[in-house]
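Every number here is computed from the coordinates shown, using simple stated rules; none is lab data. What you are looking at is a predicted structure, and each value in this text was computed from that prediction instead of being measured. Because the Cβ atoms are built from the backbone with ideal geometry, glycine has one as well, and the counts that use them run over all protein chains shown.
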Amino acid sequence: MDLKLTDRTALVTGGTAGIGLEIARALAAEGARVIITGRDRGKLDAAIADIAASGAKGVSGILADAGTGEGAAEIAKAAPSIDVLVNNLGIYESKAFNDISDADWSHLFEVNVMSGVRLSRIYLPGMLERNWGRIIFISSESALAIPEDMIHYATTKTAQLSISRGLAQLTRGTNVTVNSVLPGPTRSDGIEAFLRSQASDPSAPIKQIEAEFFATSRSASILQRMVEAEEVASLVAYLASPRSSATNGAALRAEGGLVNTIS
């Protein structure tokens, strides 16, 4: 299926690895001009080269921290007009509630929530003026199925759903849409360390640790395995396209059936 993204400009925050990198790759494969952001020049250049190696053209990067006001301003200066904004930047950690400090709460909120708020505030007006655009928040199944050891993270992900729905209501009667995507536990460079931190035997083979994680910590999952980043990226690419024009204000899941509700 042609997603009709040729020559559209898409910005993906946190696009140097994991879900962000695969989203950028999927959009580039559909002909979009893709801009990724990152804080590390080496990782940024490597990600651009990785996507370009598949034959994609027009991939570029902005060295900036999208999790700060200063970084958002730098991004806006480097890319003043875009068609698609993917608010993918996010961090997580496992921590007992009583050990989560005010600084921990503030840091996760600043990175996971305010990064998307700032960039949406920058780019939504132009999208409305041109009468076309897509804003997509990468949330998490934790927004609905709250992990006891990640309450601060889950709170930021629930906040993203509220922001996404609220912004969608500002697009009434236009060709601009705002949606969110809820991945489940997704395979990435950092996930092995996280899984080992949760395991009864951190030195066990990773397949055994993954199986234990789904048996104990995510037993509600129907998929019973890690989601692959490419699986999330496919859904995001569709939402970024003109073909998704009737989907607005929605929270779409790619979490393997972990959330045990139908709404």
Whole-number Å³ per residue for the convex hull built on Cα positions in segment 187-226: 59
message: Show me the ranking of peptides 25-33, 53-61 by mean Cβ neighbours inside 10 Å, starting with the highest.
response: 25-33, 53-61
- line: the chain: relative contact order from alpha carbon pairs under 8 Å, six or more residues apart, as a whole percent, is 20
message: What does the charge count around Gly126 come to, taking other residues whose C-beta lies under 15 Å from its C-beta (Lys +1, Arg +1, Asp -1, Glu -1)?
response: +4
task: Report the Stokes-Einstein translational diffusion coefficient (µm² s⁻¹, integer) for segment 108-166, Rh taken as the Kirkwood radius over Cα pairs, at 20 °C with viscosity 1.002 mPa s.
output: 175
message: More than 22 angstrom separation, counting every C-alpha pair in segment 161-263; what % is that?
response: 43
- prompt: In percent, what relative contact order does segment 195-263 have, based on Cα pairs under 8 Å that are 6 or more apart in sequence?
  reply: 33
message: Give me the one-decimal nm value for the distance between modelled label points at Asp40 and Gln198, 7 Å along each residue's Cα-to-Cβ direction.
response: 2.3
field: Amide proton proximity set for Ala250, modelled H, under 5 Å, gap of 5+
entry: Ser180
query: When the helix-only estimate is applied to the chain (DSSP H runs of n ≥ 4, each -39,500 (n - 2.57), divided by the residue count), what is the mean residue ellipticity at 222 nm, nearest 500 deg cm²/dmol?
result: -12500 deg cm²/dmol
